[in-house]
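See structure below.
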Amino acid sequence: MTKHRFSRRDVLNSATALAATVFASPLRAAAPEASAITPALVEAAKKEGKLAFYTAMDLAFAERLAKTFEERFPGVAVRVERSGAERIFTRIAQEYGGNINVVDVVNTADQAHCIVWKRNGWLAPYMPEEVAKHFDPQYYDPDALHVTTRILISPIAYNTNLVKKEDAPKSFADLLDPKWAGKMVKGHPAYSGTIMNSTFQTARDLGWGYFEKLAKQRVLQVQSATDTPKKIALGERAVMVDGAGYLVIRNKEEGQPVEIVYPEEGTPLASSPSAVFKAAPNPNAARLFQSFCFSPECQKLAVEIGGLRSVHPQVPEHQGRTPLSKIKLMKDDAAAVLKDSEQIKARYVKIFRV
């Protein structure tokens, strides 16, 4: 696996220096009023005609989302730039460090990124009317700089052709059984925001000693949280240690031989926020897209087609899936992830030698 030469510490240092000179602003401003999708906003967005959407969503759903938006608002094209959340974070810092303003809207799988972008003054305040009316305040920034678009969970999963239900692991502890040696796949926290949060929460709750034992199981390491579901669906590995639970759900509903396990110790989760950038080259198109993302239409699409979890109270969970309220979840902590991220990556690389 390719090692990163551009650390989060580098990003923070360069970003902070840039923010001090380019985006100097008061530490806190009054939160903006809610903004509706108006004919004037739509026309202004059409004049711009495009927007760049940087996202950690899986590519198939991100493109479906973009296409739906384009059908809803013809004349505004969405360019999807998909990568792992940690890569997106680094890319944006590099672009801003070079005074290159390309990104209009971002969706990351690591809420810690928004802490940095907010601190640096890079985000534009924008409160979609739908969010102001219906969302619990815990799901949006008090200054309206970012809003939770989806909740990601990172469960265990397995290939049902390779593992019988009665033999399947029920907990993280079960993955240490020698019978799973050489049969598991896991994502990497240096690439994926979902896996960064999953690794942090698992290490916090179970201890780093757990990963030291897991490393002896000859676990296949891949990059993205979207890669691990593919490996078990194809039968290249029997068990997924962590990854995008929504993809396992989609694969199962499409008839692929996979099954989810919500581990007894708790399932890691990550809040996935979206934000509009202050220096967005297409600010009106960006705001229109941000509003669309939190509409019932879009949130239902995320649930029904994407297999995702919505925090919109008027968007019900999909029938037949385990409700989020019935799953024992680990606790997310974006501030702690931000503080410990470099240590997490360094320790992980040392343990797994990747």
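The values are calculated or read from the model by the stated rules, or taken from the named source; none is laboratory data. Values in this document were obtained by computation on a predicted structure and should not be read as measured data. Here the Cβ is made from the backbone with ideal geometry for all residues, glycine too, and neighbour counts use every protein chain on show. What goes into the accessible areas is simple: the full protein's heavy atoms, side chains included, and nothing from ligands, DNA or RNA. Shrake-Rupley method; radii C 1.70, N 1.55, O 1.52, S 1.80 Å.
The residues on offer are A52, A62, A93, A45, and the sole one that is of a type outside the set (D, E, K, R), modelled with pLDDT of 95 or more and over 23 Å from the mean Cα position of the chain (by Cα) is A45.
Based on this model, can you work out whether S325 counts as among the small types (G, A, S), closer than 22 Å to P263 by Cα and out of contact with any strand residue (DSSP E or B) (no Cβ under 8 Å at 6 or more places or on another chain)? Yes; evaluated as a whole, the condition is true for this residue. Restricted to the range 23-128, the set of strands (runs of 3 or more DSSP E) holding at least 2 residues that are open to solvent by 10 Å² or more (accessible area, probe 1.4 Å) and in contact with a Ser or Thr (Cβ under 7 Å, 6 or more places away or on another chain) comprises 77-82.
Residue by residue, here is whether (1) open to solvent by 60 Å² or more (accessible area, probe 1.4 Å); (2) polar (S, T, N, Q); (3) out of contact with any Phe, Trp or Tyr (no Cβ under 8 Å at 6 or more places or on another chain); (4) without any contact (Cβ under 8 Å) to a residue 40 or more places away in the chain holds:
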position: I305; (1), (2), (3), (4): yes, no, no, no
position: L308; (1), (2), (3), (4): no, no, no, no
position: R321; (1), (2), (3), (4): no, no, yes, no
position: K326; (1), (2), (3), (4): yes, no, yes, yes
position: M330; (1), (2), (3), (4): no, no, yes, no
position: D333; (1), (2), (3), (4): no, no, no, no
position: V337; (1), (2), (3), (4): no, no, no, no
position: K345; (1), (2), (3), (4): no, no, yes, no
position: I351; (1), (2), (3), (4): no, no, no, no
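Checking K252, K213, K230, K179 one by one, the residue that is without any contact (Cβ under 8 Å) to a residue 40 or more places away in the chain, assigned to a helix (DSSP H, G or I), under 19 Å from the mean Cα position of the chain (by Cα) and surrounded by fewer than 24 Cβ atoms within 10 Å (Cβ to Cβ) is K230 and no other. Whether a residue is closer than 18 Å to Y191 by Cβ, at pLDDT 95 or above and surrounded by fewer than 20 Cβ atoms within 10 Å (Cβ to Cβ) was assessed, and L220 passes this test.
So is S274 of a type in the set (S, T, N, Q), surrounded by 19 or more Cβ atoms within 10 Å (Cβ to Cβ) and assigned to a strand (DSSP E or B) or not? Yes. The residue of the range 233-249 that is surrounded by the most Cβ atoms within 10 Å (Cβ to Cβ), among those that are closer than 20 Å to I327 by Cβ and not aliphatic (A, V, I, L, M), is G243.
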